[in-house]
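Please treat every number below as a calculation from the coordinates, not as lab data. Only a predicted model underlies this, so the values are computations on that prediction, with no experimental measurement involved. FYI the Cβ positions are ideal-geometry reconstructions off the backbone, even for glycines, and counts take in every protein chain you see.
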Amino acid sequence: MTLAFWMVLVCAMLPYLTVAVAKYRPDYDNAAPRAQLAAAEGHRLRAWWAHLNHFEAFPPFAAGVIIAQLAQAGQGWVDGLAVAFVALRIVYSVLYVADRPTARSLVWIAGFLCMAGLFVVAAVG
């Protein structure tokens with residue numbers, strides 16, 4: 001299995017890390033977690049939003065990795081872009097929870113460019 005494929009697995013796990021931050025509290029209500037998250041504030045609410053954004057970012061990233069592999073794009077490029085994407089998503093999560101919206105947006109753009117780059121390397125071979 002390639003490094004890029006491992007990054008797909010890591011990326012699939014990221015939403016669960018951020019939701020753990022959102023849910024971790026002494027009075028966590030396992031009977032109604034969504035209602036409790038809907039009423040969240042501060043870093044817990046931002047962690048919930050990061051959780052949702054990870055689910056939005058995952059499909060195009062996974063598709064980009066798979067398509068680049070199927071197109072037999074240069075493995076170094078595919079691995080590098082996949083690792084960079086995941087690293088940026090981790091930084092994105094930290095910035096989101098820390099309430100750093102400008103830096104978070106810049107990191108999001110860089111991650112988006114990595115994802116788009118997977119399609120570019122697939123197209124050019």
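What residue, among those in region 1-58 that are in a loop (DSSP other than H, G, I, E, B) and hydrophobic (A, V, I, L, M, F, W, C), is surrounded by the most Cβ atoms within 10 Å (Cβ to Cβ)? I'd like the intermediate steps shown before the answer.
Filtering region 1-58 down to residues in a loop (DSSP other than H, G, I, E, B) leaves 1-2, 24-32, 39-41.
This time we only want the ones that are hydrophobic (A, V, I, L, M, F, W, C), so: 1, 31-32, 39-40.
Details: Met1: 7, Ala31: 7, Ala32: 10, Ala39: 10, Ala40: 16.
So the residue we want is Ala40.
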Every listed condition ((1) under 15 Å from the mean Cα position of the chain (by Cα); (2) surrounded by 15 or more Cβ atoms within 10 Å (Cβ to Cβ); (3) farther than 15 Å from Cys11 by Cα; (4) small (Gly, Ala, Ser)) holds for Ala116 save (2)
Only residues that are surrounded by fewer than 17 Cβ atoms within 10 Å (Cβ to Cβ) and either within 12 Å of the chain's Cα centre (by Cα) or over 21 Å from Trp6 (Cβ atoms) (or both): list them for region 73-89, please. Val83, Ala87
Checking the structure you have, find out if any residue of region 92-106 is closer than 23 Å to Leu9 by Cβ and touching a His at 6+ places or on another chain (Cβ under 8 Å). yes
All positions within region 101-113 that are among the β-branched types (Val, Ile, Thr) and buried (at least 20 other Cβ atoms within 10 Å of the Cβ): Val107
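Against the condition touching a Leu at 6+ places or on another chain (Cβ under 6 Å) and without any contact (Cβ under 8 Å) to a residue 24 or more places away in the chain, how does Arg100 come out, does it pass?
Numbers: touching a Leu at 6+ places or on another chain (Cβ under 6 Å): no; without any contact (Cβ under 8 Å) to a residue 24 or more places away in the chain: yes.
Criteria not met by Arg100.
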Applying the selection to region 59-72, what residues are surrounded by fewer than 22 Cβ atoms within 10 Å (Cβ to Cβ), small (Gly, Ala, Ser) and outside any loop (DSSP other than H, G, I, E, B)? Ala62, Ala63
Return yes when Ala98 is among the small types (Gly, Ala, Ser) and buried (at least 16 other Cβ atoms within 10 Å of the Cβ) and no when it is not. no
